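Below: one structure, written as structure tokens.
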Amino acid sequence: MCMLRFAELKNVLPVVQSRINPCFQRQNSLENWIRPLSNLHHSMNDAELFWRASFVPQMKKLPFKRTPKIAFLFLTRGSLPLAPLWERFFKGNEELYSIYIHNLPSYKPDFPTSSVFYGRQIPSQVAEWGDISITDAERRLLANALLDISNEWFIILSESCIPLHNFSVIYRYISE
């Protein structure tokens, strides 16, 4: 007695994972370079981030209307206790600023979705106050802000900073 056994293999393809990790998950287009990221979380390491942030447009006149913005770079250890004050400061000027927050990696912010701070945390690393790692955190903040071509002015702040004038006064002073 002879028994014949066989297995039928359908659509068997080897799975090969790419060794190339894209910096962004979006398609590579002009839009990718000129529009800011809606979500600041990306998979770039510091070297890739600094390389990408170092690009300077060579065109004197851009092919789109650009409103110069102020990038507010918050370097914090945790929460922003003065967030309600900053919310009032930013209200009504959404097209004139960008916000970037560098927290300790262990801190999980709980801003409401209506907050100007919601989703504005950049990928961070531990930064010890009084240590050289604080400079790395500042560089990381600045590099993330440079990814938005509309950011023209940069202000580094801590969680204890407060605005002394309203937004329009600050914007007018910086832009003149």
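Structure notes:
- Residue within the stretch 128-145 that is in a loop (DSSP other than H, G, I, E, B), surrounded by 16 or more Cβ atoms within 10 Å (Cβ to Cβ) and modelled with pLDDT under 90 present: no
- Pair list, Cβ under 6 Å, 6 or more apart: the stretch 64-76 residue in a loop (DSSP other than H, G, I, E, B), other residue charged (D, E, K, R): Thr67/Glu95; Pro68/Glu152; Thr76/Glu159
- From the options Ser160, Ser124, Ser115, Ser98, residue that is assigned to a loop (DSSP other than H, G, I, E, B), modelled with pLDDT of 90 or more, touching a helix residue (DSSP H, G or I) at 6+ places or on another chain (Cβ under 9 Å) and not acidic (Asp, Glu): Ser115
- All positions within the stretch 146-157 that are among the β-branched types (Val, Ile, Thr) and part of a loop (DSSP other than H, G, I, E, B): Ile149
- Unmet criterion (only one of (1) farther than 21 Å from Tyr171 by Cα; (2) surrounded by fewer than 11 Cβ atoms within 10 Å (Cβ to Cβ)) for Asn103: (2)
- Any hit, the stretch 66-87, residues being farther than 29 Å from Glu48 by Cα and either in contact with a Leu (Cβ under 6 Å, 6 or more places away or on another chain) or buried (at least 19 other Cβ atoms within 10 Å of the Cβ) (or both): yes
- Where Trp51 falls short, out of the listed (1) modelled with pLDDT of 70 or more; (2) in contact with a Lys or Arg (Cβ under 7 Å, 6 or more places away or on another chain): (2)
- In the stretch 150-176, residue nearest to Tyr107 (Cα to Cα) [restricted to those that are among the aliphatic types (A, V, I, L, M), touching a residue at least 12 places away in the same chain (Cβ under 8 Å) and surrounded by 11 or more Cβ atoms within 10 Å (Cβ to Cβ)]: Leu157
- Residues located in the stretch 80-95, provided they are under 13 Å from Glu159 (Cβ atoms) and either among the polar types (S, T, N, Q) or in a loop (DSSP other than H, G, I, E, B) (or both): Leu80, Pro81, Leu82
- When the test is whether a residue is surrounded by 11 or more Cβ atoms within 10 Å (Cβ to Cβ), of a type in the set (Ser, Thr, Tyr) and over 19 Å from Arg52 (Cα atoms), Ser98 does not pass it.
The values are calculated or read from the model by the stated rules, or taken from the named source; none is laboratory data. All of these numbers come straight from a predicted model, not from anything done at the bench. Heads up, the Cβs are rebuilt from the backbone with ideal geometry, glycines too, and the neighbour counts pull from every protein chain shown.
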